[in-house]
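*Asks:* I have a structure I would like to understand better, so I am pasting it below and will then ask my questions one at a time.
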């Protein structure tokens, strides 16, 4: 899972990136691209690792990408985040020396307009190419053409494509990687003393919004566990920004985790909700999908209730499922296959 961090100048994107990744580098140049990869915190992986004592424990991972400044408003900055699965839109919600007063809906709208403009440019270029192909007698993909025209109409009416599921989810358009079709998490960067989500009619109701006290969380990620414990209590922080943002990222992308366990490895795998067992098998290896026979499944809760896998078998909570079984969050799966 890759998340692109975007925002207007002065919103604190640099600080947010460091708070989320723990990658604090005072010497880092703010005009350079920065990438940070973290393990997805998951207590279930920790428990399973203690239970099986494997040679390796592998958590799911999240990659945060902070594009460098392009130096001008052009397609470059957006092309850098086109391969992101979702976007984190940082909005400044603090004042300070040299900072203008905040305009939260205005700041959100300004960048959203840039995103939609970037998509509009891509669509218009494609439509021009399609018209040329028509004149040359080439066969046209009518589904693509129809969806592109519908997408352009929405963008001209200032409707981002993430609000148009038929377009955002259309397989024929996936190659365009439209920026405005990506799920967005709006992250209000508050000052140290403000833990509250601003009440902005029309924005907080229609977008996935969270609050982060960026500077505070940046300091927190550099502390030892002992130092962090007192710090969390003092500022009424029940969970770190990293944990909260990761969880919200899973939510907006519709993702869940399943696990494979054994003496060699305990591992978390990330898939979309409603994924069939056959497709979940492919996430591990294409050969498992190719030779799929059955999926031996037990839920994490059932395993914890039984205490051991053998005891769960006696209780009848271990099941054999077929190709079309819909994998659930927390399933522990052993795929039986033959290639």
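Rule-based calculations on the coordinates, nothing more; no lab input. This is a predicted model, so every value here is computed, not measured. Glycine also receives a Cβ, built like all others from the backbone with ideal geometry; neighbour counts cover every protein chain displayed.
*Asks:* Using the Kirkwood radius over C-alpha pairs as Rh, can you work out the diffusion coefficient of the range 82-239 via Stokes-Einstein at 37 °C, viscosity 0.692 mPa s, in µm² per second?
*Replies:* Details: Rh = 18.4 Å.
Result for D is 178 µm²/s.
*Asks:* For the range 274-337, what does the relative contact order come out to in percent, with C-alpha contacts under 8 Å and a separation of six or more?
*Replies:* Details: 96 pairs, mean separation 33.1, N = 64.
For the range 274-337, the relative contact order is 52 percent.
*Asks:* Same structure, new question: Using packing as a proxy for protection, rank 118-128, 251-261, 178-188 so that the peptide with the highest average count of other Cβ atoms within 10 Å comes first. Intermediate values should be presented prior to the final figure.
*Replies:* Working: 118-128: 16.2, 251-261: 18.4, 178-188: 23.9.
For the peptides 118-128, 251-261, 178-188, the packing ranking is 178-188, 251-261, 118-128.
*Asks:* Right, another one. How big is D for the chain, in µm² s⁻¹ as a whole number, if Stokes-Einstein is applied with the Kirkwood radius of its Cα pairs at 25 °C and 0.890 mPa s? Spell out each step's value before the answer.
*Replies:* Values: Rh = 22.6 Å.
Calculated translational D: 108 µm²/s.
*Asks:* With bins 10 Å wide starting at 0, give me the P(r) of the range 1-63 over every alpha carbon pair, in whole percents.
*Replies:* 17, 40, 23, 15, 4
*Asks:* If one computes the Cα centroid of the range 259-329 and of the range 140-195, what distance in Å separates the two points?
*Replies:* 33 Å
*Asks:* Moving on to the next point. Given the -39500 (n - 2.57) contribution per DSSP H run of 4+ residues, what per-residue ellipticity at 222 nm results for the chain, rounded to the nearest 500 deg cm²/dmol?
*Replies:* Result for the chain, helices only: -11500 deg cm²/dmol.
*Asks:* Once every Cα of the range 230-339 carries one equal point scatterer and solvent is ignored, give the base-10 log of I(q)/I(0) from the Debye formula at q = 0.09, 0.12, 0.14 Å⁻¹, two decimals.
*Replies:* -0.31, -0.51, -0.65
*Asks:* Also: If every alpha-carbon in the range 274-337 counts as one equal scatterer, what log10 I(q)/I(0) does Debye give at q = 0.22, 0.23 1/Å?
*Replies:* -0.84, -0.89
*Asks:* Can you give the relative contact order of the chain as a percent, counting alpha carbon pairs under 8 Å and 6+ residues apart? Intermediate results must be reported in sequence, preceding the final value.
*Replies:* Working: 540 pairs, mean separation 64.2, N = 339.
About 19 percent, as a whole number.
*Asks:* How do 21, 238, 37 rank when sorted from fewest to most other Cβ atoms within 10 Å of their own Cβ?
*Replies:* Working: 21 20, 238 8, 37 12.
Least crowded to most crowded, the residues run 238, 37, 21.
*Asks:* I would also like to ask the following. So for the range 224-301, averaging the separation of alpha carbon pairs under 8 Å that are six or more residues apart and normalising by length, what relative contact order in percent results? The partial results should precede the final answer.
*Replies:* Numbers: 43 pairs, mean separation 11.7, N = 78.
Reported relative contact order: 15 percent.
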